[in-house]
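First up is the structure itself, then whatever we jot down about it.
The values are calculated or read from the model by the stated rules, or taken from the named source; none is laboratory data. Predicted model only: the values in this text are computed from it and were never measured. Note that each Cβ is placed from the backbone with ideal geometry, even for glycine, and that neighbours are counted across all protein chains shown.
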Ligand SMILES: [Zn+2]
């Protein structure tokens, strides 16, 4: 800290300010007064957080957003266990109450462990018998439709989304996610080159499960079936594009008749017809043509029984969480192998409490009904107004900034500004498709899902309905920019979608310490939620977002010279983060440092840094509009200036603790840098930060704009 002198100003003492101020103070390192914020800001603002929070046994890390997630889950748990929260005297019984009771039935049915144990794997065995009847002689279409409807990705996954070239209309995407392993059962394609692991560990596990769940007539030689299907899965892995090969880079357009000609055995037009609404004009398909061609050849070279075994195995895995086996969990060895290969190491010995499983199930099956009751409790109209204002302010600041950036030429500048103007901002919850404020809209949305006392059937129906809804409600219609898809309002996360140029902040993420409503000092509002809003808006210009224009079209809108300047700035971020060494910081940490993958995380790092700058600028603009008054202070933090409070609030959203194993996993997989790096990198890239704390060097290390 530079000046340890109390600033004379009014303090915010509302309950929310007291709670947050108390947390901020406790989260500070006990030695914070002797820590230099210019070199160790993370330890300064989060050192105390780590003393107060331990990594849960089931996890490898916990952070401020993880705590929001846990708190949201407690709220949702209380909703699911409690009575209908509305006005019970309403007569006749309201649709709202009926929706609630439907959700409760789905929950209690899932919670009935005794009943589920009595059934054992029978529902799955019946399903597999049905699947067996869908293996036609001509092509794989019938079984692929079946697998898609029960939520299993296998040879084919199809979904409807905006056309990359004309985002106002919808097209069909084929296997766009298979490259990252969606059709593979082990964590990614690289594990399939380890033949001894496949044959000595994976195959016996598969054989045991097949033996336990297949109908008697099909399980005769489960060992042979397991070997064949694992070999096929390994062949599939070998032709799958690596995760680093972006689908957008290779996607080309085809008609379904071309698709049938290239891969007759997949029966793609039949799969499509099974889902598409009747009587709509022909729709294009976007696919990785070379991959589907290779897949077609592989199918020709593989025995029917191996492919049947593979699809069966994928259906088993997709439905494993819906059955409870009698004495022990027969799927446990497979999940343990997967976790081990991935590097997931936890100290948890017991399975998670059943309510967590059932909460996840209700969320997946009836997520918008659950979201309605969550938002009623945890998000107000005033929250909605405030969040929208902060996002709008961030966008205004962005436009100001873009107008002054010297390395942009005028055509590119105009396009970038247009992209900010066209951005769709979604806050809290949807008001269409479905409208969360209208119980009737929710009822209609879930009408095809008939919730009964069968947990297995409930989930099966919900999945089939979601698959059909995606096709029926979108194909042949203009792109619906109001839909939230399945990004439920309870989710503690946010997103930017390049193909619709939209940001979404569900009520689930608009919770303390990210968002605390209008009472908080504006430095805190903008330092926390503003930075998050800035992060998502900035994704529009990161390494992926930059390829899309304001309408969501995949098009090059950067002039050549400008593009070189952009790449130069991008390289700065890559190097800055590649030069970072990060350490685990839980109580058992080894003290060993690890490097960050600067290249893989560059998009998130750009978004963090540009977002923090935009939030700071937005706050300064807002303060000017409000007459440049000193903001309210927080009790216990009176020596912090408004500017310092801004960055204190920012740091607090990324406080966390992580184990060595957790850190190694994150560094291998995550799109973003570890939390420590997010705080240190973004503040090093903020002139506002360096000025606020009187750092010697004021120049940011890297800036995008
Ligand atoms: Zn991001």
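Of all residues in region 502-529, those that are away from the ligand (no atom under 15 Å from the Cβ) and under 20 Å from the mean Cα position of the chain (by Cα) total 8.
I need a count of the residues in region 336-380 that are assigned to a helix (DSSP H, G or I) and out of contact with any strand residue (DSSP E or B) (no Cβ under 7 Å at 6 or more places or on another chain). Total meeting the criteria: 31. For residue 684, indicate whether it is more than 16 Å from the ligand (Cβ to nearest atom) and farther than 30 Å from residue 340 by Cβ. Yes: the conditions hold for residue 684. Considering only residues of region 629-668 that are out of contact with any helix residue (DSSP H, G or I) (no Cβ under 8 Å at 6 or more places or on another chain) and part of a helix (DSSP H, G or I), which is surrounded by the fewest Cβ atoms within 10 Å (Cβ to Cβ)? Here the answer is 668.
Checking region 571-590 against the condition returns a match, with at least one residue being farther than 30 Å from residue 13 by Cβ, buried (at least 20 other Cβ atoms within 10 Å of the Cβ) and within 16 Å of the ligand (Cβ to nearest atom). Summed over region 601-660, residues that are within 16 Å of the ligand (Cβ to nearest atom) and modelled with pLDDT under 95 total 0. Of all the residues in region 571-619, those that are more than 20 Å from residue 420 (Cα to Cα), part of a helix (DSSP H, G or I) and in contact with a helix residue (DSSP H, G or I) (Cβ under 7 Å, 6 or more places away or on another chain) number 5. Taken over region 669-683, the residue count meeting the criterion of being assigned to a loop (DSSP other than H, G, I, E, B) and at pLDDT below 95 is 2. Yes or no: region 532-550 includes at least one residue that is modelled with pLDDT of 95 or more, part of a loop (DSSP other than H, G, I, E, B), over 18 Å from residue 645 (Cα atoms) and more than 16 Å from the ligand (Cβ to nearest atom). Checked region 532-550: at least one residue is modelled with pLDDT of 95 or more, part of a loop (DSSP other than H, G, I, E, B), over 18 Å from residue 645 (Cα atoms) and more than 16 Å from the ligand (Cβ to nearest atom). Contact map, region 533-550: residues that are free of Cβ contacts under 8 Å to residues at least 24 places away in the same chain paired with residues that are more than 14 Å from the ligand (Cβ to nearest atom), Cβ distance under 8 Å, separation 6+ or inter-chain. Pairs shown: 546/558; 546/566. Could you run through region 209-224 and say how many residues are part of a helix (DSSP H, G or I) and in contact with a helix residue (DSSP H, G or I) (Cβ under 7 Å, 6 or more places away or on another chain)? Within region 209-224, residues that are part of a helix (DSSP H, G or I) and in contact with a helix residue (DSSP H, G or I) (Cβ under 7 Å, 6 or more places away or on another chain) number 6. Residue 449 satisfies every condition listed in (1) in contact (Cβ under 8 Å) with a residue 12 or more places away in the chain; (2) surrounded by fewer than 17 Cβ atoms within 10 Å (Cβ to Cβ) except (2). Return a yes/no flag: does region 49-67 have any residue that is free of Cβ contacts under 8 Å to residues at least 60 places away in the same chain, surrounded by 21 or more Cβ atoms within 10 Å (Cβ to Cβ) and in a loop (DSSP other than H, G, I, E, B). No, every residue in region 49-67 fails to be free of Cβ contacts under 8 Å to residues at least 60 places away in the same chain, surrounded by 21 or more Cβ atoms within 10 Å (Cβ to Cβ) and in a loop (DSSP other than H, G, I, E, B). The combined condition, being in contact (Cβ under 8 Å) with a residue 24 or more places away in the chain and more than 25 Å from residue 669 (Cβ to Cβ), is fulfilled by residue 212. Filtered by the rule that a residue be touching a residue at least 12 places away in the same chain (Cβ under 8 Å), in a loop (DSSP other than H, G, I, E, B) and surrounded by fewer than 19 Cβ atoms within 10 Å (Cβ to Cβ), region 116-138 gives 120, 134, 135, 138.
Among the residues that make up region 191-201, is at least one of them assigned by TED's automatic domain parsing to the domain that holds residue 243, within 18 Å of residue 307 (Cα to Cα) and within 32 Å of the chain's Cα centre (by Cα)? Yes, region 191-201 contains a residue that is assigned by TED's automatic domain parsing to the domain that holds residue 243, within 18 Å of residue 307 (Cα to Cα) and within 32 Å of the chain's Cα centre (by Cα).
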